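Asks: After the structure tokens below, expect a handful of questions from me.
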Amino acid sequence: MRNGCAPIGFAHKRIIRLNLAAIHNADLVFAYITSSDCYGTLFELGWAARGGKRIVIAFAPGIDHLDFWFSAKQVAATHKGVTPEALPALLKVEITKTQTTLVLGGAGSFGKAHNRKNYG
């Protein structure tokens, strides 16, 4: 039996467990919103906010960021009209900001940030 585009059952449980573990271990959660029906991404952002993570949302051209006002009000930064080609440079800037916050002992978007990753 299928639900949406993935099989129901073990695969879903494993995906959920892996996603939540990745968020738990992250210092920065960066979301690129390309569609207004990104329900899973919105849940992940809420989970990251609950965990005190630094969150950045980039909106693709044509996505109305005002539709995401609730999420946008709870993150460290939002960027509008971001093209796929601009993502690497933007992500590099946001990683640097996150590293600086961690080194200086500053707070993430919802609390103290903890350095769990080497950004190499």
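Asks: Looking at the range 46-71 only, could you name the residues that are within 11 Å of the chain's Cα centre (by Cα) and outside any loop (DSSP other than H, G, I, E, B)?
Replies: Result: G46, W47, A48, A49, R54, I55, V56, I57, A58, S71.
Asks: Taking the range 72-90, which residues are in a helix (DSSP H, G or I) and at pLDDT 95 or above? Steps first, answer last, please.
Replies: Filtering the range 72-90 for residues in a helix (DSSP H, G or I) gives 72, 84-90.
Hits for the range 72-90 are P84, E85, A86, L87, P88, A89, L90.
Asks: Now for a different question. Please identify the pairs in which a residue from the range 46-74 that is free of Cβ contacts under 8 Å to residues at least 12 places away in the same chain has its Cβ atom under 9 Å from the Cβ atom of a residue that is part of a helix (DSSP H, G or I) and among the hydrophobic types (A, V, I, L, M, F, W, C), counting only partners at least 6 apart or on another chain.
Replies: Final answer for the pair search is L66/A72; F70/L42.
Every residue, every condition in (1) in contact with a strand residue (DSSP E or B) (Cβ under 9 Å, 6 or more places away or on another chain); (2) closer than 19 Å to I95 by Cβ, yes or no:
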residue	(1), (2)
I16	no, no
H24	no, yes
T34	yes, no
C38	yes, no
L42	yes, no
L45	yes, yes
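Asks: Looking only at the range 14-45, filter to residues that are of a type in the set (D, E, K, R) and in a helix (DSSP H, G or I); which one of those is farthest from S71 (Cα to Cα)?
Replies: Initially, the range 14-45 is screened for residues of a type in the set (D, E, K, R), giving 14, 17, 27, 37, 44.
Pick out the ones that are also in a helix (DSSP H, G or I) and you get 14, 17, 44.
Details: R14: 26, R17: 22, E44: 11 Å.
My answer is R14.
The values are calculated or read from the model by the stated rules, or taken from the named source; none is laboratory data. On a predicted model such as this, the values are computed, not experimentally measured, just so you know. Using ideal geometry, Cβ is built from the backbone for each residue, glycine included, and neighbour counts are taken over all protein chains shown.
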